[in-house]
Amino acid sequence: MTDAGIYHELGEQAWSWVQGQLRGDDGPWLPENFGEQAPNDDRDTFYAGIAGLAPALAEISLCRELTEAERALQKAIAQRLVAQVPTRQEACLYTGLAGDATALKILAPGQEQIALRRLAELQTPEGWPTTVDFGSGFRGAISDVVLGTAGVVMTAVWAGGPHAKDIAIAGSEALLKVARPMGAGLEWRLHPEYPSSSPNFSHGTAGVAAALALTGLTYGRADLVEAARQGAESLVSLAHQLDEGGFVVPHTIPDSTRDVEPLTYTWCHGPTGTSYLFSALELAGAERAGGFTMRELRQRCVHSVLTSGLPERLRPGFWDNDGRCCGTAGVGDMLLDAYQDGMGDELLPQAQRMADALLQRAIRDETGACWRFIEHRNDEPLLPPGTSWMQGAAGVATFLLRLARVLREGPEARVVTRPDQWWGVPARLARVSI
């Protein structure tokens, strides 16, 4: 294993590379991929734009003093996001107002309430109608963490303030309306008309159930916690590897609707993300699902991740991404959360194993460090370097810097929390704002 200084150095190099991609037209913007010359629709988002630089800046502030340029960036991002709020129509966490609120809570505490107030204004009994084009003409409310109501609910609970309870309760009740019976429990699809189920954390049952559990915990709604537990029951009925001490739920059901491996291990579509449902249910006081305790189900998710073969690229399509959403950095961050939550000292060297893969795959030059992911179905499989929080160097850098700090400071190191993971670590370690 490598020492903390090497991880920190690579994290700083990656952050330098990201800073070198920033542009200044009409406030800061970040090309989603290296070489793009004009901002796209995601320029301000948490997923691929400047809002996603907020947790990176917060992590850097725990490692060292921010530079004058970084302080200026912090201020400019907040100003840009606040200015956009009055005309924003999209509500969701990763491409909308909830992402703005998240970044503002981190960068300019108090300003997030402007975005939350706007979310309250846009709310309907069904949730928040999407502006995203799904190719079918659907414009109703989406249920999931990334694009829909569950992510908005998580943001309200995490951010707090005068609008939080109304947003979280109304959003949770909208989610109850679209729950579908599934086996002994409940499931949620992206929206009621969606033809398939993506049952893991980012787009389906695991993420929606986590949002319900957290709302129930925070505002004393036992019915929401029970609905979340029923979501866990449905996932147990779908799970693979139970006989081997693991827990993996299929990527998509039916799997014929997507050209992907049926079992994946990422934050978005695998046990890396789904493990957070079980920590939410444990915190909310739910005891069991499918005969297993919530702590055991979380441990099983971790076991399946660590025995899957990642981060090795065992075959085309198995592990072609090193980012947060779909790859190595997201796994590493989950392992650090579990380690700092007392799930086992052996998880720290496993997080280092993820970082060692990032060291091997880094592309370095005089501008810093970046990574190129692979899409094996393309004629040219090697993708351009990504810049962003979820699919690029900003998210990778933040994981590397956090790992270096945990190695130096131990399991009590502070944790920069976000709406979709804050409950995975002890509350005493939480750091919300710079």
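The values are calculated or read from the model by the stated rules, or taken from the named source; none is laboratory data. Everything quoted here is computed from the prediction, not taken from an experiment. Backbone-built Cβ (ideal geometry, glycine too); neighbour counts: all protein chains shown. With ligands, DNA and RNA removed, areas are computed over all heavy atoms of the protein, side chains included. Shrake-Rupley method; radii C 1.70, N 1.55, O 1.52, S 1.80 Å.
R0 = 35 Å: FRET efficiency of SER433 with ASP243, Cβ-based, nearest 0.05?
0.20
Compute the label zone of ALA120 within the stretch 196-218: residues whose backbone N is under 16 Å from the point 7 Å along Cα-to-Cβ.
Under 16 Å, as judged by backbone N against the label point of ALA120, lies no residue of the stretch 196-218.
So how far apart, in nm, are the two label points at ALA184 and ALA38 if each is 7 Å from Cα heading toward Cβ?
Inter-label distance under the simple model: 5.6 nm.
Normalised by the number of residues in the stretch 1-126, what is the relative contact order in percent for Cα pairs under 8 Å and 6+ residues apart?
For the stretch 1-126, the relative contact order is 19 percent.
Given a 1.4 Å probe and the protein chains all in place, what does the accessible area of LEU297 round to, in Å² to the nearest 10?
Probe radius 1.4 Å; accessible area of LEU297 about 0 Å².
For the stretch 172-274, what's the relative contact order in percent, using C-alpha pairs closer than 8 Å and at least 6 residues apart?
Working: 185 pairs, mean separation 28.4, N = 103.
Result for the stretch 172-274 is 28 percent.
Calculate the length of the line joining the C-alpha centroid of the stretch 384-434 to that of the stretch 98-121, in whole Å.
Distance between centres, Cα-based: 20 Å.
Restricting to Cα pairs below 8 Å that are 6+ residues apart, what does the relative contact order work out to for the chain? Please round to a whole percent.
Result for the chain is 19 percent.
Run the 1.4 Å probe and let me know the accessible area of MET343, rounded to the nearest 10 Å².
Estimated to the nearest 10 Å², MET343 gives 20 Å².
Would you please give the FRET efficiency between SER136 and ARG23, computed as 1/(1 + (r/R0)^6) with r the Cβ-Cβ distance and R0 = 30 Å, to the nearest 0.05?
0.30
Sticking with the crude label model, points 7 Å out along Cα→Cβ, report the distance from THR367 to ARG64 in nm, one decimal please.
The modelled label-to-label distance comes out at 2.1 nm.
By its C-alpha gyration tensor, with a ≥ b ≥ c as the square roots of the eigenvalues, how is the stretch 135-285 shaped: rounded for a/c under 1.5, else prolate for a/b larger than b/c, else oblate? Please list the in-between numbers first.
Details: a/c = 1.85, a/b = 1.31, b/c = 1.42.
Oblate shape, in that a/c is at least 1.5 and b/c is the bigger or equal ratio.
Where a ≥ b ≥ c are the square roots of the eigenvalues of the C-alpha gyration tensor, would you call the stretch 203-289 rounded, which needs a/c under 1.5, or, failing that, prolate if a/b is larger than b/c, or oblate?
Cα axes put the stretch 203-289 in the prolate bin.
Just the accessible area per residue of the chain, please: how many Å² with a 1.4 Å probe?
Working: 15640 Å² over 434 residues.
Averaged over the residues of the chain, the accessible area is 36 Å².
May I ask for the distance between the Cα centers of the stretch 141-181 and the stretch 322-373, given as a whole number of Å?
30
How many percent of the accessible area of the chain is carbon or sulfur, using a 1.4 Å probe? Could you put the intermediate results ahead of the total?
Values: 7810 of 15640 Å².
After summing per-atom areas, the C and S share lands at 50 percent.
Give the accessible area for ARG372 in Å² (nearest 10); use a 1.4 Å probe, count only protein heavy atoms, and leave out ligands, DNA and RNA.
Ignoring ligands and nucleic acids, ARG372 comes out at about 90 Å².
Which sequence of TYR219, TYR94 reflects their accessible areas, 1.4 Å probe, from the largest down?
Result of the area sort, largest leading: TYR219, TYR94.
Quick check on the chain: of the DSSP beta bridges with both residues there, what percent are antiparallel, nearest 5%? Write down the numbers at each step before the final one.
On the way: 15 of 17 bridges.
Approximately 90 percent, going by the DSSP bridge assignments.
At HIS376 and ARG315, where each label point lies 7 Å from the Cα along Cα→Cβ, what is the point-to-point distance in nanometres?
With each label placed 7 Å out from Cα toward Cβ, I get 0.7 nm.
For TYR276, TYR47, TYR194, write out the residues from largest to smallest accessible area, computed with a 1.4 angstrom probe and no ligands counted.
Final ranking, largest accessible area leading: TYR194, TYR47, TYR276.
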